[in-house]
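As structure tokens, the structure follows; a few thoughts come after it.
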Amino acid sequence: MKDLILVESARYVSNHTLELIFNDDVKAEIDFSIWIKKYPFFKPLENIDYFKNFSLDGWTVVWENGADIAPETLYEIATKQQQQAA
């Protein structure tokens, strides 16, 4: 069985990008603008002050309106970034 992937910490970097650290120490800067542009539910995140007001719910990054991205999805992006950098 695959280990459960969790976002352990997050910090604002710039624009719509957060640096995420996962529970296996994988670290990546992830740009959330792709979801903001694609899905109306993420539209409030266009406002940078709103975007910066995220929290962690024990699994992933979440916003006040309930917007979140599955930690597995974020992890897949993070590991692809690492592979491309190698």
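The values are calculated or read from the model by the stated rules, or taken from the named source; none is laboratory data. Just so it is clear, the model here is predicted, and its values are computed rather than measured. No Cβ is skipped: glycine too gets one built from the backbone with ideal geometry, and neighbour counts run over all protein chains shown. Only protein heavy atoms, including side chains, enter the accessible area calculation; ligands, DNA and RNA are left aside. Shrake-Rupley method; radii C 1.70, N 1.55, O 1.52, S 1.80 Å.
Tally Lys and Arg at +1 and Asp and Glu at -1 over the other residues with C-beta under 11 Å from the C-beta of residue 15: what net charge comes out?
Computed value for this residue: -2.
What span do the alpha-carbon atoms of the chain cover on each of the three principal axes, reported in whole Å from largest to smallest?
Projected onto its principal axes, the Cα set of the chain covers 35, 27, 21 Å.
How many nm is it between the label spots at residue 12 and residue 56, if each spot is 7 Å from the Cα in line with the beta carbon?
Taking the simple label geometry, residue 12 and residue 56 are separated by 1.8 nm.
Check residue 9: other-chain or 5+ apart residues with amide H under 5 Å from its amide H, H built from backbone geometry?
Amide H to amide H, under 5 Å and 5 or more residues apart or across chains, residue 9 pairs with 21.
Normalised by the number of residues in the chain, what is the relative contact order in percent for Cα pairs under 8 Å and 6+ residues apart?
28 percent
Rank 48, 36, 21 by mean-square fluctuation in a GNM of the chain with C-alpha springs under 10 angstrom and give only the top-ranked residue.
48
In square angstrom, what is the accessible area per residue of the chain with a 1.4 angstrom probe?
That works out to 64 Å² per residue.
Mind checking the angle between helix 71-85 and the chain's longest principal axis? C-alpha axes, 0 to 90 degrees, to the nearest 10.
Tilt relative to the chain: about 60 degrees.
Within the chain, what whole-number % of the accessible surface is contributed by carbon and sulfur, with the 1.4 Å probe and all protein chains included in the calculation?
50 percent
Considering all alpha-carbon pairs of segment 42-86, what whole percent are spaced by more than 12 angstrom?
The calculated P(r) of segment 42-86 puts 65 percent of pairs beyond 12 Å.
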